[in-house]
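Remarks on the structure that follows.
The values are calculated or read from the model by the stated rules, or taken from the named source; none is laboratory data. On a predicted model such as this, the values are computed, not experimentally measured, just so you know. All Cβ positions, even for glycine, are placed from backbone atoms using ideal geometry, and neighbour counts span all protein chains on display. Each accessible area value is taken on the protein alone, full model and side chains, heavy atoms only, with ligands, DNA and RNA left out. Shrake-Rupley method; radii C 1.70, N 1.55, O 1.52, S 1.80 Å.
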Amino acid sequence: MFICILKNILFKNLIKVNFIFIIKRTDIKYGGSYFGTLDVYYDENDINNLKPVIIYVHGGAWMFGNKNKNTGVGNLLIREGYIGVNPNYVLFSRGSMDDMVDNIYKAIQWTYKNISKYGGNKNKIILSGHSSGAHLAALTTFKSSLGIENNGKY
């Protein structure tokens, strides 16, 4: 899906137009559960200049929502000079909290291993979220950094 955003137009004796070509790669499988897909927002014309990455985890009380409701976030991130990654994760009642954490952890791993193909800097990844998504981002980081068991694994 191509979205072209007209960034600047100056009408004087010259017309100056800057375009950002936002590319959205959708439903990339990152592993984990059946719901383990993500979207990547990036500028196809600027993948050699590595940019910081923001993984944005959607909210929805752990029961609702999906990455498709946050396309505006992805578009905003690319306009501001970031690469946007919006993952889906298993929702309650199809999965437990540990399953959700496992999905987010695998989305982070996929991002670290693959984001350079999209112009992202794997050493500058920011994990963010809204509501239950922010909780999952924090819980995933907490469990991973302290080596706390998740789904029977460390």
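Brief remarks follow.
- Accessible heavy-atom area order of Trp110, Trp62, highest first, probe of 1.4 Å: Trp62, Trp110
- Screening the chain for whole DSSP H helices of 18 Å or more along their axis (Cα) with average Kyte-Doolittle hydropathy at least -0.5 returns 132-146.
- 1.4 Å probe accessible area per residue over the chain, in Å²: 57 Å²
- Ranked packing of 29-38, 121-130, most packed first, by mean Cβ within 10 Å: 29-38, 121-130
- Of the solvent-accessible surface of the range 21-146, computed with a 1.4 Å probe over protein heavy atoms with every protein chain present, carbon and sulfur atoms account for 53 percent.
- About its Cα centre, the chain has a charge dipole of approximately 400 debye under the convention of +1 per Lys or Arg Cβ and -1 per Asp or Glu Cβ, with nothing else charged.
- Filter on Lys69/Lys122; Lys117/Lys153; Lys69/Lys113 - keep pairs with C-alpha separation over 27 Å: Lys117/Lys153
- If you take all other residues with their beta carbon under 10 Å from the beta carbon of Gly81, and give Lys and Arg +1 and Asp and Glu -1, the sum is -1.
- Here, the chain yields an orientationally averaged convex hull projection of 9.7 nm² when only Cα atoms define the hull.
- Highest mean packing first, where packing is the average number of other Cβ atoms within 10 Å per residue, the peptides 47-55, 68-76 line up as 47-55, 68-76.
- Extension reserve of the Ala134-Glu149 stretch, reckoned as 0.36 nm per residue once the Cα distance is removed: 3.4 nm
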